[in-house]
Every structure is written in structure tokens, then in C-alpha cells.
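Each remark here refers to the structure printed beneath this line.
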Amino acid sequence: MKVIVCETYEEMSRCAADVVADVMKARHDCVLGLATGSTPVGMYDELVRRYEAGELDFSAVRSVNLDEYYPISPDNAQSYRYFMNTNLFDRVNIDKAQTAVPDGSAPDPEAECRAYEEKIAALGQVDIQVLGIGQNGHIGFNEPAEALHPLTHLTALTESTIKANARFFSEDEVIPTSALTMGMGTILRAKKILILANGEAKADAIATLLSGMLTTSCPASFLNLHDDVVVICDRAAMSKVQA
Ligand code: GLP
């Protein structure tokens, strides 16, 4: 596991964009595994800046996202589809038909999860999977539990995740309590994994990840099974790592 510690959020975002840009330059029709949440927003801004400067071309890029609330309409401003459109897809020359986000409005969530796995398999391997990390160590919406799911599935969100994500919703909006998410196996099948974390709230999860051990109480710790993981974080997120 390669760990890069940055001084600022801006530096983290540039560094993360470097890693993604290298993958895009090596393969113009690469498959990007993308994440939502506040952490990767700066990285998306940086990728857009490089696209505007003529350094990056998204025209042949395909993408798959990690997760989506359930149930939620893709037009809802809180949906992860809406997040991806506004933070990246509408700002670069990607073909939106080549971007996949689980459908939070699918009538049959189980069928949607199976179809999503098939869609990912049909793309071949994901070249790079970008991840944020929940305060409780979740990745995608794979929450701490006694057992973890290998494949895309419908899951209930934990109280702590609902609370952490409540900041994105206004008072009169209903906060979803379930989600569709890639499973641990889906994530671990990516060729390369890039995980981003900033702030003290992520320090426990990063310490568990970097301890090198595996525990279902911190799903991110399973990234220790992968041989090409880059962790980019700030000093606050690193503050509980044992020397
Ligand atoms: C959500 C997402 C995760 C994300 C996490 C952290 O629950 N499903 O993919 O990593 O939140 O979000 P943030 O980056 O806003 O702290």
C-alpha cells in the first residue's frame, strides 16, 4: 500500500488527479470507478481544469460509480447520479451513455444489483477505483457488519452514516436509509485502487486500514488484500496511525 501524506486538501486533490490522469493517458478508453461524497470534489475540479486546459480527453472514457441511495430519483439533487453529472460529467467531454451509476429508481432493487454487476463485468476490469472512506470505515456503502457482501447489493445504512450524510439534505428532505452499492469483491476486482481521506473524523478508519489487519468492523481494511492501493490523505487523517 502506497501512502501519500499531503499538507492541504488542494494538494491532495492535485495528487489524486495525477494518479487518475496517468491511468487516462495510458488508456484513452479506460474504465474509471468513481466515488461521491465531499472528499473527491477537489479531485473532480482538478480533472475538469486539466480537461479545460486540453491536457485530458474523456471522449472514450467509460465509468462506473460505487453506489446510489435507494430509493431515489436520478433527478433528485441529492442523488449520486446528480452529484456525478454536476461535479464531473456535465463539465467534461465524456459520453454520458458510457457512465453507469446504480439506478436508485429501479422498481426491483435485487434485479438492478444483478444487472449492475453484469454491466461492470461487460466493461472488463475497472482500471482505477476511486474511494472515499466513511468515518466508520465504510467504502461505497459497505457498512461495518459481522459479514460483508461480495457483490452489488441493497443495504441498510447505519445510524452513523445517515447522520454523517444528513449535512447534504435540507430539513424538509427525507434522508434515505438504504442504498445500492458495489460489494467488497466488486471493488477489489479493480486493477488499481485510490482511496482519499482528509480530516480528523477519518483518523480511526485510516489507522485501522494502515494497521494492515482485516476486520469486518472496518470494511476498508479489506483493501489490504489488494496489491495496488494508493492512499492519499492529510495529516489529520493520519493522526492516529501507529508509528
Ligand atoms: C458516503 C459514500 C462514500 C463516501 C463516504 C464519505 O457514505 N457512500 O462513498 O466515501 O460517504 O463521504 P465524505 O467524503 O463526504 O466524507
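Taken together, the values in this text are just the output of simple stated rules run on the coordinates, not laboratory data. Keep in mind the model is a prediction, meaning the values are calculated, not measured. So basically every Cβ, Gly included, is an ideal-geometry build from the backbone, and we count neighbours across all protein chains shown.
Normalising the average separation of contacting C-alpha pairs (under 8 angstrom, six or more residues apart) by the number of residues puts the relative contact order of the stretch 2-234 at 25 percent.
Considering only Gly54, Val41, Ile72, the residue lying farthest towards the positive end of the dipole of the stretch 1-130 is Gly54, judged by Cα position with unit charges set on Cβ. Here the Debye sum runs over all C-alpha atoms of the chain as equal scatterers in vacuum, and log10 of I(q)/I(0) at q = 0.12, 0.16 Å⁻¹ comes out as -0.63, -1.20. Other residues whose C-beta falls under 12 angstrom from the C-beta of Ile175 contribute a net charge of -2, scoring Lys and Arg +1 and Asp and Glu -1. Please label the shape of the stretch 128-243 as rounded, prolate or oblate, based on the square roots a ≥ b ≥ c of the eigenvalues of the alpha-carbon gyration tensor (a/c under 1.5 means rounded; beyond that, a/b larger than b/c means prolate, else oblate). Cα axes put the stretch 128-243 in the oblate bin. For Gly33, nonlocal amide neighbours, meaning residues 5 or more places apart or on other chains whose placed amide H falls under 5 Å from its own, are Val64, Asp127, Ile128, Gln129, Val130.
Go through Lys25/Lys119; Lys163/Lys191; Lys96/Lys192; Lys163/Lys240; Lys2/Lys191 and tell me which ones have a Cα-Cα distance over 26 Å in this structure.
Numbers: Lys25/Lys119 24 Å; Lys163/Lys191 32 Å; Lys96/Lys192 23 Å; Lys163/Lys240 23 Å; Lys2/Lys191 15 Å.
Check vs 26 Å cut-off fails for Lys163/Lys191.
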